[in-house]
Amino acid sequence: MSGWPLLGVLVLGFCLSVGGEADERTGGERGVLQLDGETFARALREHPQLLVLFYAPRSGQDHQVSEAFEGAAAELQGSEVKLAAVDTATEKDLAKELNVTGRSQIRLYVAGDKHSPVVCPVPQRSTSILTWLRRRAGSPEDLITDLSQLEASEDATVVGFFKEMNQECVQTFYAVAVQLPDVSFAITQDNEFIHKYGLTSDVAFLLKKSKLIQAYKMMPQTSKEELMGFISVYQMGPGTEYTGKTANQILSSPVLNHALLFIKKSSAEFEDIYAAFNSTAQSFRVKVILFVWVNVDESRNGRLMEYFRVRDFDAPLIRVVNLTSHVTYQLPSDTLDAETIKTFCESYLEGKAKKPKMQSEAIPEGWDTQLVKELVGMNLEEVVFNPNKTVFVMFYLPYSPASRALFPLWEELAEVTEGHEGVVIARIDASANDIRLSLQGAYPTLGLFPALHAERMVVYSGERRLDHLIRFLETEMEKAKRDRVQEDEDRRKYIEAMKDEDAKEPVKSKDEL
């Protein structure tokens, strides 16, 4: 379900709760302030702690953040923290000034400082925001707990045992607690309790239903990232199913290497393959690979399968992806036993896994004679990085209603620009072709490639109307003309410098040659 209907309701609630323009401008005590460029600056001056939700109601982004914010707003009325919201689709200049991009997010502005906000971790529920605010305003001593009640808890709890509270590793432990508000944290100095689990001092461990899941020795040099990685891997099971409940935990994990098993849970081979995958996951936890399995029978996993271009009849298969490079490797075998999976994961960690071949459709016959040029993976970069052409490309998904709805407008744009020899209007099926470009947001994405020697792409984020597209195209072409003049001048100077260098080289005699 897309998030914009909920956000629309939430925005209406904001406007009603502030009681009209007067309350918005004065920063009244009721509800959530709806801010623009002018009222944002005023709110910063008037409220020492300003918690702001930045959202884009037309983007269809995750509504979870907005739901959590709405719930927290009710709890925080009358507190020292003032809540506000900014529609980034409407307040584009303000969003640009504050460097707000991407998904809906929450930021805390303290003491009127708009340049150094504290970013709230993506909340799963309203209590996440409340816990985050409480922890960041508190201290490690606040986590000291009588753990007798925690032993029966259904949820995993991260427990720190420290002999002395004034250590650097205690501050690291607490910093992680602030960063992970959806996780239960506690600190104990009860020696009897710690001896029960056979642990030594200065240790962080996960406890669930009186069972010790895993322990991690805390050292002065232990980093926040290391501890977060440990918690992320061991908080979940060895092989975790990708579901609505686990998705945020998986996608927000600091662990960058993910092994993904795509399989039909209804298949006869499921039990054997899952057992092999799960047993391998046990040994690779310490090597920091997150093992996740995806049920391709589940229709709600469609988006994830679209991203990895996996169809239900492709299963079972295993992919390993690095979330920094986004390069994906596929296990090159139909045999998915424990030994094969282990060998594949080890080769990946050692950098010996074979680079995947680029996926591309065949170049369509007569592709360049069509009004809208149909590109594929193997000719995309050759076309868009032509220094003598301005190329405007729609990256689409053929089965996406949003993509299909844009086709007529793209055809219309191609008709309007048909007489301009330097302009190419094109599109490419992102589900069938690898696109090695940094795209932002959901499909369809519109990217313009200026007529320059430099390989540059400008992502279009304006309204999807013909007049707006034409204005954007003309503006970028004018910018490219100016940049091209400078490019040509730089190239001329470079060539002359090379000629001068060659002229300075001594002429060698035949004997020297």
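The antiparallel fraction among DSSP beta bridges confined to the range 116-217 stands at about 65%. The residues of the range 143-275 present an accessible area of 48 Å² per residue when probed at 1.4 Å with all protein chains retained.
Quick check for me: using +1 on Lys/Arg Cβ and -1 on Asp/Glu Cβ, what's the dipole size of the range 240-350 about its Cα centre, in debye to the nearest 20?
Roughly 480 debye for the range 240-350.
FRET efficiency for the pair Ser201 and Thr127, taken as 1/(1 + (r/R0)^6) with r the Cβ-Cβ distance and R0 = 45 Å, rounds to 0.90. Here the chain carries DSSP beta bridges of which approximately 50% are antiparallel, counting only pairs with both residues inside. Note on Leu439 and Glu496: with the Förster distance fixed at 60 Å, the Cβ-Cβ geometry gives a FRET efficiency of about 0.95.
Surface analysis of the range 33-134 yields an accessible area of 47 Å² per residue, using protein heavy atoms and a 1.4 Å probe. Rg/Rh for the range 240-350 (Cα atoms only, Rh after Kirkwood) is 0.92.
Bridge orientation summary for the range 240-350: considering DSSP beta bridges with both residues in this region, about 55 percent are antiparallel. Axis angle, to the nearest 10 degrees, between helix 64-76 and the longest C-alpha principal axis of the chain: 40 degrees. Under 19 Å of direct C-alpha separation, and excluding same-chain neighbours fewer than eight residues apart, Lys354 reaches these lysines: Lys342. Within the full protein context, the accessible area of His195 is estimated at about 120 Å² for a probe radius of 1.4 Å. Sorting Leu143, Leu256, Leu437 by solvent-accessible area of protein heavy atoms yields Leu256, Leu437, Leu143, largest first, with a 1.4 Å probe.
Please give the per residue accessible area of the range 373-492, computed with a probe of 1.4 Å over protein heavy atoms only, in Å².
I get 50 Å² per residue for the range 373-492.
Which of the pairs Lys208/Lys264; Lys373/Lys479; Lys196/Lys245; Lys163/Lys196 have their Cα atoms more than 26 Å apart in this structure?
Beyond 26 Å between Cα atoms: Lys208/Lys264; Lys196/Lys245.
For the range 299-318 and the range 201-230, what is the separation of their C-alpha centers, rounded to whole Å? Using only Cα atoms to place each centre, the spacing works out to 34 Å.
Taking all protein chains together and rolling a 1.4 Å probe, Thr222 ends up with roughly 10 Å² accessible. Relative to the dominant Cα principal axis of the chain, helix 224-235 is inclined by about 70°. When the charge dipole of the chain is built from unit charges on Cβ atoms (+1 for Lys and Arg, -1 for Asp and Glu) and taken about the Cα centre, the candidate among Ala281, His453, Tyr399 whose Cα reaches farthest toward its positive end is Ala281. In percent, how large is the relative contact order of the chain, given Cα pairs closer than 8 Å and 6 or more residues apart? In percent, rounded to a whole number, it is 8. Out of the total accessible area of the chain (probe 1.4 Å, heavy atoms of protein only), what percent is carbon and sulfur? Ligands and nucleic acids excluded, carbon and sulfur give 50 percent. Can you compute log10 of I(q)/I(0) for the range 373-492 with the Debye formula, treating each Cα as one identical point scatterer, at q = 0.09 Å⁻¹? One equal scatterer on each Cα of the range 373-492 leads to -0.24. Put a plus charge on the Cβ of each Lys and Arg, a minus charge on the Cβ of each Asp and Glu, and nothing anywhere else: the dipole of the range 211-276 about its Cα centre is then about 240 debye. Beyond 25 Å, the tail of the calculated P(r) for the range 132-254 holds 19 percent of the Cα pairs.
Placing +1 on each Lys and Arg Cβ and -1 on each Asp and Glu Cβ, with no other charges, gives the chain a dipole about its Cα centre of roughly 600 debye.
With the convex hull constructed from alpha-carbon coordinates only, the range 33-134 shows a mean projected area of 5.8 nm² over all directions. Summarised as an ellipsoid, the chain has semi-axes of 45, 34, 26 Å, derived from the eigenvalues of the Cα gyration tensor scaled by 5 and square-rooted, with the largest first.
To the nearest 10 degrees, how steeply does helix 466-504 sit against the main Cα axis of the chain, on a 0 to 90 scale? Approximately 80 degrees, to the nearest ten.
The values are calculated or read from the model by the stated rules, or taken from the named source; none is laboratory data. Everything quoted here is computed from the prediction, not taken from an experiment. Cβ: placed from backbone, ideal geometry, glycine included. Neighbour counts: every protein chain shown. Calculation scope for accessible area: heavy atoms of the full protein, side chains included, ligands and nucleic acids excluded. Shrake-Rupley method; radii C 1.70, N 1.55, O 1.52, S 1.80 Å.
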